[in-house]
């Protein structure tokens, strides 16, 4: 793991330092209890069974047995305390980290989200955070305990007998080399596994959303083959991980057995020569088992450790990108916008030098209704995105009420601009919550918005009215109904600027006539921008802006443009020939 990732993981524990300290004290007491067990057994073997020393007062086999039981009970009690404390701390850290990752993703600009698949970001917030959860709740507590236990065992062994202690530690260099070899191989494979699971998550998210299209075009077998390739790669990398992990523990156990064998061979010679007590040799064999136990635990949990190592790097790699986050709360506050919009020599490209808008300039007066028309790819939707600062322009200025939109508080700017998109997104819940979106909009205001959007009729036919459940993405409603609800949502938030991006694309002719009247009503007190391919919907617009390949061809109202007899007239006559 990168050093900064280690430090940041440790810093996550600082707010919970009291619980961590208590857990650490419990660990020390548990380790003291573990270290006392071989000493008690040594006393029993050497003093009472071999040397036949007299038993007096507390110095007896009975009292040693009671002491041994007390140590076991206390050790179990302190183990219970440390496990609960560390699990509590771990769950709080993971809960906070998961919130932080989600909040970070929410503030990423669209220009960043366009470059990264949904699966990669979902994996950061779910699989990677869960890997750290296992680290904090299962491994970290054992790691603390094992480190302190190893230090205590080494100290106790050198206190008893130096030469036996040196023999007991002879396998450490070999263990270190083996661990380093396995570490590199396992970490590389885990990076591959994390990448593959991200692609699998993305594949599922994409195909579940587009399942209707898959079934309509009968592409099930092709998608199965595509998934099989991904799944096979992940399966193979997982098998490799299992093989590496299954090799590590047996190797450690072999080294442990060989160390005990060498120790017994050397120690029994000393015992036979009466230069070493049998109890000391017995205590050493117990200490070696205790010494290799944490090493075996580490070998057993090595997958979890390496998974957490890779996941921590991936999570902090995402969280470290703070310089690109949208700052929603700095800038000039907005009480209310008049709605004057001006583009001054605006150039914009999603990718460097691939200009979508080229030196675009126009001005829309407050409370005007302006329409953007042109062929697909002309830059109409891009203009809408730029007004809300979903993307940043490369050249020029965009002014609202004479102020550069970069100077406004972004949260206030977007609160004053409501967009009705052609591709409507509805959240799971009910109709009311989808219109309200957790804001302070009253039921009366929702009803008024539904009336203005011509949604009342179909909602009255629903069994539960505005409380009717909405399934994922509004799958139980027709495209036209979803569009009407989206229109109601925009009106309910009472924006200063209303944007309709092909808002009538999925609406039948009868409803289109009604919604045209609704648009006129909703546009009375606000600036309205309309993107439309159906030119009939924009005939009454105050201003029509004709675009082609990122440039403005002409500006005027319907009658003016028809009199000029140029681009707009050609498009209009072609559409209604």
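The values are calculated or read from the model by the stated rules, or taken from the named source; none is laboratory data. None of these values were measured; they are calculated from a predicted model. Note that each Cβ is placed from the backbone with ideal geometry, even for glycine, and that neighbours are counted across all protein chains shown.
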Legend entry - Residue that is nearest to residue 202 (Cα to Cα) [pool: residues in segment 111-120 that are in contact (Cβ under 8 Å) with a residue 24 or more places away in the chain and surrounded by 13 or more Cβ atoms within 10 Å (Cβ to Cβ)]: 119
Legend entry - Unique match (being in a helix (DSSP H, G or I), farther than 20 Å from residue 294 by Cβ and at pLDDT 80 or above) among 97, 67: 97
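Mind checking which residues of segment 437-447 are in a helix (DSSP H, G or I) and surrounded by 14 or more Cβ atoms within 10 Å (Cβ to Cβ)? Full working, then the answer.
Our first condition is that a residue be in a helix (DSSP H, G or I); within segment 437-447, this holds for 443-447.
Passing the criteria: 445, 446, 447.
Could you grab me the full set of residues in segment 484-506 that are at pLDDT below 80 and either in contact with a strand residue (DSSP E or B) (Cβ under 8 Å, 6 or more places away or on another chain) or surrounded by fewer than 23 Cβ atoms within 10 Å (Cβ to Cβ) (or both)? Spell out how you get there, then give the answer.
Of the residues in segment 484-506, the ones at pLDDT below 80 are 502-506.
Once the filter is applied, which keeps residues that are at pLDDT below 80 and either in contact with a strand residue (DSSP E or B) (Cβ under 8 Å, 6 or more places away or on another chain) or surrounded by fewer than 23 Cβ atoms within 10 Å (Cβ to Cβ) (or both), segment 484-506 yields 502, 503, 505, 506.
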Inset, instruction - Please find, among 243, 228, 223, the residue that is farther than 30 Å from residue 161 by Cβ and in contact (Cβ under 8 Å) with a residue 12 or more places away in the chain. - result: 223
Legend entry - Among the candidates 419, 424, residue that is under 23 Å from residue 524 (Cβ atoms) and surrounded by 15 or more Cβ atoms within 10 Å (Cβ to Cβ): 419
